[in-house]
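A.B. asks: One structure, as structure tokens, below. Some questions next.
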Amino acid sequence: MTDWAKKRLGDISDSCLGKMLDKAKNKGSYQPYLANLNVQWGMFKLGSLQKMRFEEHEQERYGLEVGDLIICEGGEPGRCAIWRGEVANMKIQKALHRLRVRPEYCSNFLYYRMLLAGRNRELDRHFIGSTIKHLTGVRLKDVEFEFPELDEQKSISTALRLLDKKIELNNKINAELEAMAKLIYDYWFVQFDFPDANGKPYKSSGGKMVYNEALKREIPEGWGEKTLGTLGEFKNGVNYDPSSPGDISCPIINVRNISASSYFLDPNDLDHVFLSEREVRKYSVEDGDIIIARSGIPGATRLMHEFHENTLYCGFAIRFRLKESIWGNMVFFYMKSIEKIISDGSGGTILKNVNQEILRELAISSPNDSVILKQFNEIIEPIFSKLSQVQKENRVLSELRDWLLPMLMNGQVTVKD
């Protein structure tokens, strides 16, 4: 790496801060913008985008182009992602830096170098503030990295980008699988078009429906309703005291793990705590357990699948263990379908909380024949297996990328054609 040139970001790129939100002064048309909360390490969360007014001449200052680096000024200063044109006419709000690399440098290379600098805390020395840290525009320009020639920058970033693109493709595959599984659940247990005795969709083929007072809706004739409290047991998680550790190392599910997942929790992304044997026995999860967040994202529901031994769950979560596993998939999808309803209706003022009382009283339609549940599970289980397989592949790809990143950036590993 001796021939790599050291350069300040201010010398190889142009940067600016986003627009301040001022409803009284802002004019122009409403357009989407990124705020601090939309920027994660290496990705954007685009499900909660807001809009504000931007005038036509502000496109140059606040608009985004493919390859722009978006860097957080505060919150978690230095947090960085690269814009790849995910949403049209996107702008940035104040508290975000837009860094646009000049043509003789590779934006993807700088993006990966910024990720490494955030991980190894190189950026920390550029922050200002004692309690609340910030990365100002002036300090960002002073950040200094070593750069190889442009062709080598492109080779290095291409190798890393190929891994990321495969991860992104896998994420899309899993999103499609999740959507497919949900569609099947809706078709069978919301629209009630499960296969009848002749293999035809029940309701659409004229299957008789009757009104159920408890569920406040029509359900197939002969079906009933069951509350979740009769189907299984709810139990709050462990509230552990770090100052009084036990002697057993336990992976523990926290709200952040629930938030970072969709269906299955990542067993390799759990913190570890040391607890006593009694606590391990009391709060261990089993395959098929359903975990529900009590706070933070109240009502968020995940399914335990292929986890490590002695995995526990924290006091901000509730475990639901079914008496009969045959109900597991149907109940899981039902709870997934009402995540937002649970969240909106949960108790608490400053901090929303879901509690066992709310969950026990939730009622679902109950098929009159266990064959229907067995048939549903036979369709869903292969989808879940594929989801798990793709999730494992992404874990391996992520570990490979993270292992290569520092070595590529310091010249220990080179990329050949």
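A.B. asks: What are the residue pairs meeting all of these: first residue in segment 387-408, first residue closer than 20 Å to Glu152 by Cβ, second residue assigned to a helix (DSSP H, G or I) and of a type in the set (D, E, K, R), Cβ atoms under 7 Å, and 6 or more apart or on different chains?
C.D. replies: These pairs meet every condition: Arg401/Asp164.
A.B. asks: Next question, about the same structure. For segment 353-361, state whether one or more residues are under 19 Å from the mean Cα position of the chain (by Cα) and either closer than 30 Å to Leu163 by Cα or modelled with pLDDT of 90 or more (or both).
C.D. replies: no
A.B. asks: Also, I was wondering about something else. Cβ-Cβ under 6 Å, sequence separation 6+ or interchain: first residue in segment 233-262 and farther than 21 Å from Arg321 by Cβ, partner polar (S, T, N, Q). Which pairs?
C.D. replies: Listed pairs, sorted by first residue: Gly246/Ser276.
A.B. asks: Next question, about the same structure. Does segment 62-78 include one or more residues that are more than 27 Å from Asn120 (Cβ to Cβ), surrounded by fewer than 20 Cβ atoms within 10 Å (Cβ to Cβ), in contact with a strand residue (DSSP E or B) (Cβ under 8 Å, 6 or more places away or on another chain) and of a type outside the set (Phe, Trp, Tyr)?
C.D. replies: Yes.
A.B. asks: So which helices (runs of 4 or more DSSP H) are wholly in segment 80-192 and hold at least 3 residues that are under 21 Å from the mean Cα position of the chain (by Cα), of a type outside the set (Ser, Thr, Tyr) and farther than 30 Å from Met330 by Cα?
C.D. replies: 107-119, 150-189
A.B. asks: With the structure loaded, tell me whether Lys374 is of a type in the set (D, E, K, R), in contact (Cβ under 8 Å) with a residue 24 or more places away in the chain, crowded, with 20+ Cβ neighbours inside 10 Å and over 21 Å from Asn239 (Cβ atoms) or whether it fails that test.
C.D. replies: Spelling it out, it is not the case that Lys374 is of a type in the set (D, E, K, R), in contact (Cβ under 8 Å) with a residue 24 or more places away in the chain, crowded, with 20+ Cβ neighbours inside 10 Å and over 21 Å from Asn239 (Cβ atoms).
A.B. asks: For segment 180-195, state whether one or more residues are out of contact with any helix residue (DSSP H, G or I) (no Cβ under 7 Å at 6 or more places or on another chain) and of a type in the set (Ser, Thr, Tyr).
C.D. replies: Looking for residues that are out of contact with any helix residue (DSSP H, G or I) (no Cβ under 7 Å at 6 or more places or on another chain) and of a type in the set (Ser, Thr, Tyr), one finds at least one in segment 180-195, hence yes.
A.B. asks: Still on this structure, I have one more. Given (1) assigned to a helix (DSSP H, G or I); (2) under 30 Å from Leu110 (Cβ atoms); (3) of a type in the set (S, T, N, Q), where does Gln412 come up short, assuming only one miss?
C.D. replies: Result: Gln412 passes all but (1).
A.B. asks: With the requirement that a residue be in a strand (DSSP E or B) and aromatic (Phe, Trp, Tyr), what does segment 270-328 give you?
C.D. replies: Matches in segment 270-328: Phe274, Tyr313, Phe320.
A.B. asks: Please find, among Arg84, Arg53, the residue that is of a type in the set (Lys, Arg) and more than 19 Å from Glu168 (Cβ to Cβ).
C.D. replies: Criteria check complete, one pass: Arg53.
A.B. asks: Collect the residues in segment 18-60 that are in a strand (DSSP E or B) and in contact with a helix residue (DSSP H, G or I) (Cβ under 6 Å, 6 or more places away or on another chain), keeping them in residue-number order.
C.D. replies: Lys19, Phe44
A.B. asks: State all residues of segment 391-413 that are touching a Leu at 6+ places or on another chain (Cβ under 8 Å) and modelled with pLDDT under 90; if no residue qualifies, say none.
C.D. replies: Scanning segment 391-413 gives a single hit, Val413.
The values are calculated or read from the model by the stated rules, or taken from the named source; none is laboratory data. Everything numeric in this text was worked out from a predicted model, so none of it was measured. Using ideal geometry, Cβ is built from the backbone for each residue, glycine included, and neighbour counts are taken over all protein chains shown.
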